[in-house]
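One structure is given here, and the rest of the page talks about it.
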Amino acid sequence: LLEEFPFQFSAQEFADILRSFPPRLYSISSSQAAVGDEVHVTVATVRYLHKGRERAGACSTYLADRIDIDSQVSVFIEKNPAFKLPENDETPVILVGAGTGVAPYRAFLQHREANNQKGKTWLFFGERRFHSDFLYQVEWQKLLKDGYLEKIDVAFSRDQKEKVYVQHRLIERQKEIF
């Protein structure tokens, strides 16, 4: 920002206008019923080029590049009691996740598998490319085979000329969804 809009001020004046670094929020992508005391998160490392300068996500590249295995990082849990699987295992569930947004649904399905809860569960997943971005593909296939996931519809937006997104798959299946 300062490169694009230069301004003269002292280091202290600059420090005084900075705000606290906001937390980065990630959904837990594992179920304690499946992995015990571990906590999995699904993180896409943010890297891009902007106006000839390499940019990187503050938290994602910290996790990917700047810590060692078994390092400790500060975290906090922000609970959302309304975001959960239905109490009745027979209630049909439609899960819609794009990219790393599929993280909590992985946790839900791990939970169902660990508790042997088979039910009508349908996952819609979208990403850019099938070969490089199909997060948890092998896990989804196993869950399908074992009956914990009944259906999966995928959309990979960059694998063909016309971009196809999750919402296109939802529209295609709207009658069945309804």
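When the criteria are applied in full, Arg66 meets the requirement of being basic (Lys, Arg) and farther than 27 Å from Tyr165 by Cα.
Out of region 93-128, which residues are in a strand (DSSP E or B), within 20 Å of Ile171 (Cβ to Cβ) and either of a type in the set (Ser, Thr, Tyr) or open to solvent by less than 30 Å² (accessible area, probe 1.4 Å) (or both)? Matches in region 93-128: Val93, Leu95, Gly97, Trp122, Leu123, Phe124, Phe125, Gly126. Beta carbons closer than 8 Å, at least 6 apart along the sequence or on distinct chains, pair a first residue in region 149-178 that is basic (Lys, Arg) with a second that is open to solvent by 80 Å² or more (accessible area, probe 1.4 Å) for Arg158/Arg128; Arg158/Arg129. Which pairs turn up if I take residues in region 63-75 that are open to solvent by less than 100 Å² (accessible area, probe 1.4 Å) and look for partners that are assigned to a loop (DSSP other than H, G, I, E, B) with beta carbon separation below 6 Å, at least 6 apart in sequence or on another chain? Between residues of region 63-75 that are open to solvent by less than 100 Å² (accessible area, probe 1.4 Å) and residues that are assigned to a loop (DSSP other than H, G, I, E, B), the close pairs are Leu63/Val43; Ala64/Thr45. For Glu4, the conditions (1) among the charged types (D, E, K, R); (2) open to solvent by 100 Å² or more (accessible area, probe 1.4 Å); (3) part of a loop (DSSP other than H, G, I, E, B) all hold with the exception of (2). Please verify whether region 62-79 includes one or more residues that are modelled with pLDDT under 90, in a loop (DSSP other than H, G, I, E, B) and of a type in the set (Lys, Arg). There is no residue in region 62-79 that is modelled with pLDDT under 90, in a loop (DSSP other than H, G, I, E, B) and of a type in the set (Lys, Arg).
In region 129-139, the qualifying residues are those that are closer than 16 Å to Gly97 by Cα and either free of Cβ contacts under 8 Å to residues at least 24 places away in the same chain or in contact with a Phe, Trp or Tyr (Cβ under 6 Å, 6 or more places away or on another chain) (or both), and the one that is least open to solvent (accessible area, probe 1.4 Å) is Phe134.
Every test in (1) surrounded by 14 or more Cβ atoms within 10 Å (Cβ to Cβ); (2) touching a Ser or Thr at 6+ places or on another chain (Cβ under 6 Å); (3) among the β-branched types (Val, Ile, Thr) is passed by Thr45 save one, and that test is (1).
The values are calculated or read from the model by the stated rules, or taken from the named source; none is laboratory data. As the structure is a prediction and not an experimental result, all values here were calculated from the model. Reconstructed Cβ throughout: ideal geometry from the backbone, glycine too, with neighbour counts over all protein chains shown. Accessible surface is based on the protein model in full, side chains and every heavy atom, while ligands, DNA and RNA are left aside. Shrake-Rupley method; radii C 1.70, N 1.55, O 1.52, S 1.80 Å.
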